[in-house]
1. Which of (1) hydrophobic (A, V, I, L, M, F, W, C); (2) touching a residue at least 40 places away in the same chain (Cβ under 8 Å); (3) not in a loop (DSSP other than H, G, I, E, B) does I5 not meet, given it meets every other one?
2. Taking segment 54-82 as the region of interest, how many residues are under 9 Å from the mean Cα position of the chain (by Cα), surrounded by 16 or more Cβ atoms within 10 Å (Cβ to Cβ) and farther than 30 Å from L42 by Cα?
3. With the requirement that a residue be of a type in the set (V, I, T) and either over 30 Å from G75 (Cβ atoms) or out of contact with any Cys (no Cβ under 7 Å at 6 or more places or on another chain) (or both), what does segment 16-64 give you?
Amino acid sequence: MATEINIEEIKNKAVHSDLLKAMYLINQARSIVSGTMDEKELRDAGQWDCLDDTVSRLNECSRDIGYIIGVTVTGRVELMMR
């Protein structure tokens, strides 16, 4: 007999809304920083590398939060399957 899984229930219980909000804000910040990388004044001031590093760190933060969300959802599914 197959166990039925309610995906919406898993998402609602497993994914912390503040983590999703953080993911959204990090992605928004990354877009803003990426957009400033084309500004001549910042390039002329030698800040392109710093901005590039910032974008890379924001990417890492986004990846880490995505990993946490994935582990949380996986754990919830495993508990439901027991």
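1. (3)
2. Qualifying residue count for the region: 1.
3. From segment 16-64, those of a type in the set (V, I, T) are 26, 32-33, 36, 54-55; that's our starting set.
Scanning segment 16-64 gives I32, V33, T36, T54, V55.
All of the numbers you see were taken from the coordinates with simple rules; none came from a lab. Note that the coordinates shown come from a computational prediction; the quantities given were computed from them, not determined experimentally. Note that we place each Cβ from the backbone using ideal geometry, even for glycine, and neighbour counts take in every protein chain shown.
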